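Enquirer: To start, I am sharing the structure in question, which I have written as structure tokens.
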Amino acid sequence: MTTIIDGKAVAAALRADVAKDAIAFTGKYGRRPGLAVVLVGNDPASEVYVGSKVRLTREAEMSSFEHRLPAETSEADLLALVQKLNEDDLVDGILVQLPVPRHIDSGKVIQAIDPAKDVDGLHPENAGRLMAGLPGLAPCTPLGSMLLIESVQKDLSGLHAVVIGRSVLVGKPIAQMLLAANATVTMAHSRTKDLPAMCRSADILVAAVGVPELVKGDWIKPGAIVIDVGINRLPPSEGANKGRLVGDVAFDEAKVLAGAITPVPGGVGPMTIACLLQNTLTAARRRVGATA
Ligand code: NAD
């Protein structure tokens, strides 16, 4: 029987734990953990993400500080806001919603965030800490994906994990996390030869590509854990499927052979914000010198 991994349920349980811990933090330190979210411009998808982040931060008993800036905001003004948030004691986590408008260098903005408040885990210092096995703040989507893997398989020791995609946001960090969990990790990408054969050798297959239903059913090793990070909206022209959200894995085919698989939507997606809240709590605790 294939396990359909319920990301919504795992995420809800994590958010409830974070809320409980946030209440305890507030009782002890006299203030709530705080997350500042900065949105530049009015990209409709970003508006939706930011709206959810603000709502779920409040539901998790934390303070939410929202900064909505016009699309024509200069890079210098955005960097000045980041600096102000770095210095604000009530702010434990800073998230600048990406993408930022083209005239702003997102790399510069990420590097301006205090690494101790970098709850998106994208600052090069945090990327280095992840690679070195040092405590830091790790990116939320890979963190959430690892929690989903561990919800069905606690010990990953010696398992072969194949990660498709080598982005800084997902592919590279999850490969580091799988390695730290003692999996044997192969990274595949757009230049990989015979991707189907490589996937067939995976006990754990993570797809973070952005190509709708790239991974076919016969690429799956029987019993494998399949984590589909992709979120792709099919074009309106595709008949009955128009506008439907699909992952990077052909779910209906893959679930026949997989031991466990995440659906899209309702798999990795809900874990990202839950892990963002967990990172904010972690950052708050570290900033006051508390341990979990
Ligand atoms: P990206 O575009 O930065 O990276 C994609 C990677 O896939 C690249 O490394 C590229 O080499 C590889 N690739 C592209 N075509 C390929 C092919 N045909 N075969 C093998 N590899 C190929 O994307 P990203 O930011 O890592 O995101 C990947 C997907 O995950 C997207 O669909 C994105 O929407 C989704 N995503 C979801 C969440 C979430 O919360 N669930 C968060 C971030 C990203």
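The values are calculated or read from the model by the stated rules, or taken from the named source; none is laboratory data. Just so it is clear, the structure is predicted and the values come from calculations on it, not from any experiment. Heads up, the Cβs are rebuilt from the backbone with ideal geometry, glycines too, and the neighbour counts pull from every protein chain shown.
Enquirer: Taking region 203-218 only, how many residues are among the aliphatic types (A, V, I, L, M), more than 20 Å from the chain's Cα centre (by Cα) and in a loop (DSSP other than H, G, I, E, B)?
Expert: Looking only at that region, the number is 1.
Enquirer: If you don't mind, there's one more thing I want to ask. I'd like to check something: does region 3-22 contain any residue that is in contact with a Leu (Cβ under 6 Å, 6 or more places away or on another chain) and not in a helix (DSSP H, G or I)?
Expert: Checked region 3-22: at least one residue is in contact with a Leu (Cβ under 6 Å, 6 or more places away or on another chain) and not in a helix (DSSP H, G or I).
Enquirer: Taking Asp92, is it within 13 Å of the ligand (Cβ to nearest atom) and not β-branched (Val, Ile, Thr)?
Expert: No, not satisfied.
Enquirer: Same structure again: Which pairs do you get when a residue that is closer than 30 Å to Ala290 by Cβ, found in region 28-47, comes within reach of a residue that is assigned to a loop (DSSP other than H, G, I, E, B) and at pLDDT below 95, reach meaning Cβ atoms under 9 angstrom, with the pair 6+ apart or on two chains?
Expert: Pairs that qualify, where the first residue is closer than 30 Å to Ala290 by Cβ and the partner is assigned to a loop (DSSP other than H, G, I, E, B) and at pLDDT below 95, are Lys28/Ala290; Tyr29/Ala290.
Enquirer: Any idea which residue in region 26-51 is farthest from the chain's Cα centre (by Cα), counting only those that are surrounded by 14 or more Cβ atoms within 10 Å (Cβ to Cβ) and under 17 Å from Ala274 (Cβ atoms)?
Expert: Here the residue is Pro33.
Enquirer: Show the residue pairs that are 6+ apart or on different chains and have beta-carbon atoms under 6 Å apart, the first residue being within region 204-216 and closer than 15 Å to Arg233 by Cβ, the second being more than 8 Å from the ligand (Cβ to nearest atom) and not in a loop (DSSP other than H, G, I, E, B).
Expert: Partner pairs satisfying both residue conditions: Pro212/Val246; Glu213/Val246.
Enquirer: Among (1) away from the ligand (no atom under 11 Å from the Cβ); (2) buried (at least 24 other Cβ atoms within 10 Å of the Cβ); (3) closer than 20 Å to Leu143 by Cα; (4) among the β-branched types (Val, Ile, Thr), which single condition is Val163 missing?
Expert: (1) is the only condition that Val163 fails.
Enquirer: State the number of residues belonging to region 166-193 that are within 11 Å of the ligand (Cβ to nearest atom), surrounded by fewer than 19 Cβ atoms within 10 Å (Cβ to Cβ) and of a type outside the set (S, T, N, Q).
Expert: Qualifying residue count for the region: 7.
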